[in-house]
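Below is one structure, written out as structure tokens, with a few remarks after it.
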Amino acid sequence: MDGEDLGYLDKFVEDTSSAMSEVMRLVDALLQAKARVEEAEQELSNREKLERELREQIIPSFMAQHRLNDIGLENGLRVEVEDALSASLPKDEAKKRRVLDFLMSNEGGDIIKEEVSFEDADAETIAFLQEREISFNRTTTVNAAQFKAFFRHGLGYAKNSVARFQPADVPPEANLYLYRTTKITGKKKE
């Protein structure tokens with residue numbers, strides 16, 4: 001130990017110190033970047049909220065007050081307010097069954113899709129699953145676009161459609177949401 005050169009330890013301490021400083025600098029940069037992303041996400045959220053309010057509330061309300069459904073603007077754009085809706089099939093099986101029953105009783109059975117899956121069965125067995133007591137899974141679903149289109153037509157929202165039922169007839173499990181929305185078309189003149 002006596003007479004042994006320990007100078008290399010000083011270099012190790014310097015390297016470690018500069019490495020720690022660099023890691024601290026990089027972590028600070030990461031935290032600043034993360035804060036800027038959070039600020040940008042909040043700004044985006046605020047702008048999306050304003051856009052939705054203008055599209056679904058402010059412009060439709062203003063145009064309704066002035067008894068307008070559509071108007072051509074001097075800048076070349078055309079503004080139209082139209083009825084819109086949103087609906088979704090619930091995941092809960094009991095709630096889904098109520099919505100599917102409503103579809104069946106209102107001429108919507110053709111949009112219901114059923115999928116049957118099972119293990120270890122050949123083609124011949126498929127036709128006789130229940131007779132042969134083979135266990136299988138059955139999934140019933142509806143394409144989201146067809147589901148919304150069914151309600152647009154059934155409520156008379158689609159062009160040339162006649163209402164077959166009223167919003168109050170639709171089971172609440174269908175998550176039906178009716179609103180007015182603004183549609184802008186055309187090219188803006190500069």
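The values are calculated or read from the model by the stated rules, or taken from the named source; none is laboratory data. Computed from a prediction, not measured in an experiment: that's the story for all the values here. Because the Cβ atoms are built from the backbone with ideal geometry, glycine has one as well, and the counts that use them run over all protein chains shown.
Given the criterion touching a Gly at 6+ places or on another chain (Cβ under 9 Å), within 30 Å of residue 148 (Cβ to Cβ) and touching a residue at least 24 places away in the same chain (Cβ under 8 Å), identify the matching residue among 78, 55. I'd like the intermediate steps shown before the answer.
Numbers: 55 fails: touching a Gly at 6+ places or on another chain (Cβ under 9 Å).
Criteria check complete, one pass: 78.
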Check on residue 116, surrounded by fewer than 15 Cβ atoms within 10 Å (Cβ to Cβ), modelled with pLDDT under 95 and touching a helix residue (DSSP H, G or I) at 6+ places or on another chain (Cβ under 9 Å)
yes
When residues of segment 38-70 are filtered for being among the hydroxyl-bearing types (Ser, Thr, Tyr) and either closer than 12 Å to residue 181 by Cα or touching a helix residue (DSSP H, G or I) at 6+ places or on another chain (Cβ under 6 Å) (or both), how many remain?
1
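Are any residues in segment 84-110 closer than 26 Å to residue 181 by Cα and surrounded by 15 or more Cβ atoms within 10 Å (Cβ to Cβ), and if so, which ones?
Restricting attention to segment 84-110, the residues satisfying the condition of being closer than 26 Å to residue 181 by Cα are 84-90, 99, 103, 108.
Those that are closer than 26 Å to residue 181 by Cα and surrounded by 15 or more Cβ atoms within 10 Å (Cβ to Cβ): 84, 85, 87, 88, 89, 90, 99, 103, 108.
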Testing residue 37 on (1) at pLDDT 95 or above; (2) under 24 Å from residue 175 (Cα atoms), one condition comes back false. Which one is that?
(2)
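Scan segment 136-176 for residues that are assigned to a strand (DSSP E or B) and surrounded by 11 or more Cβ atoms within 10 Å (Cβ to Cβ) and jot them down.
Scanning segment 136-176 gives 140, 141, 142.
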All but one of (1) of a type outside the set (Asp, Glu); (2) at pLDDT below 95; (3) surrounded by 10 or more Cβ atoms within 10 Å (Cβ to Cβ) hold for residue 61; state the number of the condition that does not hold.
(2)
